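Written below as structure tokens is the structure these notes are about.
The values are calculated or read from the model by the stated rules, or taken from the named source; none is laboratory data. Just so it is clear, the structure is predicted and the values come from calculations on it, not from any experiment. All Cβ positions, even for glycine, are placed from backbone atoms using ideal geometry, and neighbour counts span all protein chains on display. For the accessible areas, the whole protein counts, side chains as well, though only heavy atoms, and no ligand, DNA or RNA atoms are used. Shrake-Rupley method; radii C 1.70, N 1.55, O 1.52, S 1.80 Å.
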Amino acid sequence: MISGAAVSPQTSNRVRSEDLAAHRWYRFVLSFPPHLVRDYVERFSLAPGAIVLDPFCGTGTTLVECKKLGIESVGIERNPVASFVSKVKVDWGVDPESLLAHARHVANEVDHKLEAQGISQGNGLPLFGREIPATALRALPEVAAKLLLRGSISPLPLHKVLVIMDALSAPAVEGLKRHEQLALARALNSGVSNLQFGPEVGVGPAKSDAPAVSIWL
């Protein structure tokens with residue numbers, strides 16, 4: 001640490017609580033902690049007027065920290081998902097109240113669609129004792145399914161995610177859709193899927209169901 005304060009190896013690579021506001025929008029196992037960026041900004045005496053280039057910007061840790069400090073930055077990222085995450089994380093023009101109101105509207109629509117299919121959001125059990133046949137559940141196209149780790153998401157949670165994706169494909173209030181899509185990507189990693197992080201990515205026990213809508217919201 002530039003300040004000279006003693007920091008243990010176990011905590012120096014962790015995201016601090018004060019940095020969670022934007023950096024928890026999406027979990028990326030290869031990212032470095034935001035305070036590391038601030039340390040280098042201080043070390044190189046950077047200030048507004050400087051330009052920082054991150055040629056492998058990942059999910060935008062450097063870009064977010066530079067924006068917080070009023071320093072211009074340019075990021076380059078080939079991975080389309082990581083590039084998308086970076087662009088959303090530095091888009092602070094969205095109105096929080098409008099975003100939440102629209103997201104609640106979408107969640108209500110999805111809940112009604114799932115209930116019409118006999119799927120409950122509460123405990124994941126079929127409504128009125130109905131069983132949901134596997135053939136009634138939506139699935140990814142074969143080409144897309146092959147890109148997933150085997151067993152990384154169970155059929156019913158996947159069905160719910162695809163219904164949410166449909167709802168998010170409808171016209172939305174300008175500037176809100178990308179944040180809602182990023183929230184869905186985060187929900188997949190943080191409760192809907194069977195993925196586990198420890199710190200590498202792995203597949204844990206299969207979940208027969210997950211409250212995908214509430215986790216996303």
### Task
Please give the residues of the stretch 137-165, grouped as numeric ranges, whose backbone N is less than 11 Å from a label point set 7 Å along the Cα-to-Cβ vector of residue 109.
164-165
#### Entry: Fully extended contour minus Cα-Cα distance, from residue 142 to residue 29, at 0.36 nm per residue
38.0 nm
### Task
Can you tell me the order of 56-64, 23-31 when each peptide is scored by its average per-residue count of other Cβ atoms within 10 angstrom, highest first?
56-64, 23-31
### Query
When you count, for each residue, the other Cβ atoms within 10 Å and take the mean per peptide, how do 138-147, 158-167, 69-78 rank with the highest first?
158-167, 69-78, 138-147
### Query
If you take every DSSP beta bridge whose two residues both sit in the chain, what share of them, in percent to the nearest 5, is antiparallel?
45
#### Entry: Pairs from 160/207; 113/146; 67/89; 113/160; 68/89; 146/177 whose Cα-Cα separation, in the structure shown, is over 19 Å
113/146; 146/177
### Task
Taking H placed 1.01 Å from N in the peptide plane, check which residues at least 5 places from residue 119 or on another chain put their amide H under 5 Å from its amide H.
127
### Task
Round to the nearest 10 and report in Å² the accessible area of residue 39, as given by a 1.4 Å probe over the protein chains' heavy atoms.
20
### Query
For residue 196 and residue 45 in the same chain, what is the full-extension length gain: residue separation times 0.36 nm, less their Cα-Cα distance, in nm?
50.5 nm
### P(r), alpha carbons of the stretch 48-93 - 5 Å bins starting at zero, rounded %
6, 26, 34, 22, 10, 2
### Query
If one takes the longest principal axis of the Cα atoms in the chain, at what angle in degrees, from 0 to 90 and to the nearest 10, does the Cα axis of helix 80-89 lie?
70
## Note on the structure
The alpha-carbon pair-distance distribution computed for the chain, with 10 angstrom bins and whole-percent values, is 7, 28, 32, 21, 10, 3, 0
